[in-house]
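To start, the structure under review is shown below, and the notes come after it.
The values are calculated or read from the model by the stated rules, or taken from the named source; none is laboratory data. Keep in mind that what you see is a predicted model, and the values were worked out from it rather than measured. As a convention, Cβ positions derive from the backbone with ideal geometry for all residues, glycine included, and neighbour counts pool all protein chains shown. In case anyone asks, the SASA skips ligands and DNA or RNA and just uses the protein heavy atoms, side chains included. Shrake-Rupley method; radii C 1.70, N 1.55, O 1.52, S 1.80 Å.
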Amino acid sequence: MDTVQKEHERLLKKLRGSQGIQNVQSTIDLLQSARDTIASDPTQASITMAKLQNPVKSSFDSINDSLKESHSSLNKYSKALDKFFKDRPLPSTEHDALSSQEHMINRAIAMHLLREGQFSVAATFLSELVETKSRNSQQTTEYNPANEATSLLDINEAPSDQVRKQFVKMYYILHELKENKNLLPAIEWARENRDALETRGSNLEFELCRLQFIWLFNCEQYPGVPLSAGRQAALEYAKREFHVFLPRYMREVQQLIGAMAFCPNLQNSPYRNIFNNPTAWSDVSLSFTREFCSLMGLSADSPLYIATTAGAIALPTLLKLQTIMKAKRTEWTTQNELPVEIPLPPSYLFHSIFVCPVSKEQATDQNPPMMMPCGHVIAEESLKRLCKSSRFKCPYCPNESHPGEARKIFM
């Protein structure tokens, strides 16, 4: 991989240092100058064209030399890629678990397009899905492919049209946040959903209002306005809005107001990180997206993107496993789990793994972890083997309990 990285850096250096664009521009300038000269004095056409011949030829030669160097660097980079990423067949799809789940795949694609703001592409995908369903199925009075396609977007009994409107609203607010530095639509949405956000323990509304205070404090709305006017606007905003946050965010509000005393030397004050955070806008945009999707009953990240990325990470290991299995003439015997461990980033580990301390087996949906009244946890099959009588003793402490007192743990 180091070789590929070096060739990539070398190619970028060549492209950035290339004089090709400058040579093309100089040729254009020569031609435009000659055209203007001839237009002003047609009698000078022959002389002007004669003078133009050698400079244009020299410029063309320089352009060709520059293109040769760029093409040579690009060719070396392509060879490095081909050498590192060898063309190998993909793992067998003989046991494709999703082959019978076409509905789920179509839903994942449609929802991903909406999440990415590709509304026209999502509409085209759904319309083509309707056409395909109509051609491949026999029409009956009960079957309506249009209803089936649009129902892919239904969430928590909310119809697809309403789901589309929600995503359009989300992207409008995100556009105002990222492009126009306008927090008001996001703040309004957070206030409309205050109860639901507080139930989740979210601090989104305060994050938005705090950033609005900082935006006013730094006079970002009016670059030419004196700093004192921005400070006064921020103070008025705090008096008007922050009272609802005092019970929960007293310390944070005190820090914002306390920064007023350090106005002349804010850069050397304890509050400089609060008022000069380069990632503040991207952070609050990410928080807004996460909370918006959560209230719709969706994950913050697209499941299709996560599944595709995790699959790409797992692919080299599975290819190697397939080669070993073919050489040893063995088969994949496990069900509902991979035969080898796939290392994924921590952000992709959504469920903790429980291994029963008695049987040393990993818990599954069919063999879930069960917690006894004493607090110790074992797998359900181990629990059944232990409770031969009405009561049984915990294998890790003296407490006794009844099988009916054990509770299933959801991870």
Next on the checklist: Could you go through segment 357-369 and let me know if any residue there is touching a Cys at 6+ places or on another chain (Cβ under 7 Å), closer than 30 Å to ILE342 by Cα and at pLDDT below 85.
Outcome noted: yes
Next on the checklist: Return the pair list, or none, for Cβ contacts closer than 8 Å from residues in segment 244-259 that are within 21 Å of ALA190 (Cα to Cα) to residues that are assigned to a helix (DSSP H, G or I) and open to solvent by 70 Å² or more (accessible area, probe 1.4 Å), at least 6 apart or on different chains.
Outcome noted: GLU252/ARG210; LEU256/ARG210
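Yes/no per residue for (1) open to solvent by 70 Å² or more (accessible area, probe 1.4 Å); (2) outside any loop (DSSP other than H, G, I, E, B):
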position	(1), (2)
SER285	no, yes
THR308	yes, yes
THR317	no, yes
VAL340	no, no
LEU344	no, no
PHE350	yes, no
Checklist entry - When you scan segment 287-305, how many residues do you find that are charged (D, E, K, R) and either open to solvent by 30 Å² or more (accessible area, probe 1.4 Å) or part of a loop (DSSP other than H, G, I, E, B) (or both)? => result 2
Checklist entry - Can we say ARG191 is under 20 Å from ASN277 (Cβ atoms), under 26 Å from the mean Cα position of the chain (by Cα) and either at pLDDT 90 or above or open to solvent by 60 Å² or more (accessible area, probe 1.4 Å) (or both)? => result no
Checklist entry - Conditions: (1) touching a Phe, Trp or Tyr at 6+ places or on another chain (Cβ under 9 Å); (2) in a helix (DSSP H, G or I). LYS181 meets all but one. Number of the miss? => result (2)
Item to check | Residue pairs meeting the criteria (Cβ under 9 Å; at least 6 apart or on separate chains; first outside the structural domain of ASP283 (by the TED database), in segment 190-206; second of a type outside the set (Val, Ile, Thr) and surrounded by 13 or more Cβ atoms within 10 Å (Cβ to Cβ)) | outcome: none
Item to check | Contacts under 8 angstrom Cβ, first residue in segment 299-310 being over 25 Å from ARG200 (Cβ atoms), partner of a type in the set (Phe, Trp, Tyr) and exposed (fewer than 15 other Cβ atoms within 10 Å of the Cβ), 6 or more apart | outcome: THR309/TYR348; ALA310/TYR348
